[in-house]
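Here is the structure we will look at, set down as structure tokens.
The values are calculated or read from the model by the stated rules, or taken from the named source; none is laboratory data. Note that the structure is a prediction, hence the values are computed from the model and not measured. Neighbour counts run over all protein chains shown; Cβ positions are idealised from the backbone, glycine included. Side chains are part of the model used for accessible areas, which takes the heavy atoms of the whole protein and leaves out ligands, DNA and RNA. Shrake-Rupley method; radii C 1.70, N 1.55, O 1.52, S 1.80 Å.
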Amino acid sequence: MSRPEDTLAADIHYDDVEARKYTTSSRIQNIQASMTRRALELLNLKSPSLILDIGCGSGLSGEILSSVPEEEGGPHVWVGMDISASMLDVALQRDVEGDLLLADIGQGVPFRAGTFDAAISISAIQWLCNAENSETSPAGRLSRFFNGLYASLKRGGMAVCQFYPKNDLQKQMITSAAVKAGFGAGLLEDDPDTKNVKVYLVLTVGSSAVANKGGDITGVVEGMDNVDVLDNRKKGKSGKGEIKKGSKAWIIKKKEQMERKGKIVKATSKYTGRKRRIQF
């Protein structure tokens with residue numbers, strides 16, 4: 001069965017007929033509601049927040065944001081953006097509570113820096129992995145989206161993006177683009193190795209996003225039921241094994257961090273980290 005993003009652009013695929021069919025399907029309503037609640041669980045918002053709903057469609061996920069009770073930290077105020085005018089028209093007819101913006105997320109997130117406390121996206125960002133014509137590229141669209149999203153979130157904010165990757169290459173492409181934009185990022189899979197698998201990209205902005213965890217996704221999911229963390233990173237050594245600040249190893253590590261964020265750094269050579277002799 002072909003995927004809709006492989007055949008048409010989102011704004012063409014979701015015309016008036018498809019938008020109405022999507023919104024009135026009880027199956028889709030239940031799935032969207034379940035995934036939105038899961039995203040909120042990962043965000044773990046303690047008080048009413050301003051949330052960006054990326055690829056909001058007809059407002060199915062936004063309705064969940066508006067209905068969060070006070071004892072669970074809600075209700076939240078939200079702004080939705082979507083590329084499909086037909087989807088947004090259905091949202092207006094349904095009189096959703098959020099503000100709506102017609103925009104292509106592949107061209108960026110057009111909001112003032114630090115506007116939002118958090119962001120969610122349900123079943124949308126996989127569309128960025130498809131080039132619509134020869135003048136666009138998945139890498140460019142992903143870069144513009146994640147850089148814009150990073151800027152629009154407050155320091156210490158979080159985003160959770162549920163998406164349907166076609167393969168592991170798409171997972172890597174999307175995650176790498178998020179990391180290059182500056183996010184702390186990790187993937188969480190519900191029901192792995194089944195046809196019902198759901199993939200969530202959990203993003204953090206700054207180390208304060210997760211207390212004492214350096215913005216690490218492992219801190220986000222710590223203590224959750226039925227969650228196993230598979231962390232393949234090398235654990236840092238303590239005591240004598242710590243890297244001395246200013247040493248060659250320390251400089252190389254900093255360079256690698258800058259490169260992962262898309263920064264241009266000088267090449268490492270035998271002179272990297274070497275102390276200069278005092279000139280008289």
| field | Counting all C-alpha pairs of the stretch 1-60, share separated by more than 18 Å (%) | value | 49 percent
| remark: At 20 °C and 1.002 mPa s, the Stokes-Einstein diffusion coefficient in µm²/s for the stretch 133-182, with hydrodynamic radius from the Kirkwood sum on alpha carbon pairs, is 180 µm²/s
| Considering only the other residues whose Cβ falls under 14 Å of the Cβ of Asn30, what net charge follows from Lys and Arg at +1 and Asp and Glu at -1? | +3
| request: Compute, for Lys198, the solvent-accessible surface of its heavy atoms (probe 1.4 Å) with the complete set of protein chains present, and express it in square angstrom to the nearest 10. | output: 40 Å²
| Using the Kirkwood radius built from alpha carbon pairs, what does the Stokes-Einstein equation give as D for the stretch 54-118 at 20 °C and 1.002 mPa s, in µm² per second? | 173 µm²/s
| message | For a quick size check, give me the Cα extents of the stretch 20-104 along its three principal axes, largest first, whole Å. | response | 34, 26, 21
| message | Run the numbers for Asp15 and Thr115: contour at 0.36 nm per residue of separation, minus the present Cα-Cα distance, in nm. | response | 32.9 nm
| remark: Among Leu153, Ala139, Ile105, the residue whose Cα sits farthest towards the positive end of the charge dipole of the stretch 28-186, when +1 is placed on the Cβ of each Lys and Arg and -1 on the Cβ of each Asp and Glu, is Ala139
| query | Full extension from Leu50 to Thr268: what is 0.36 nm times the residue separation minus their Cα-Cα distance, to one decimal in nm? | reply | 74.1 nm
| note | For Ala119, the residues 5 or more places away or on another chain with a placed amide H closer than 5 Å to its own amide H are Leu52, Met158, Ala159, Val160
| request: Using label points projected 7 Å from each Cα along Cα→Cβ, tell me how many nm separate Ala85 and Lys248, to one decimal. | output: 6.2 nm
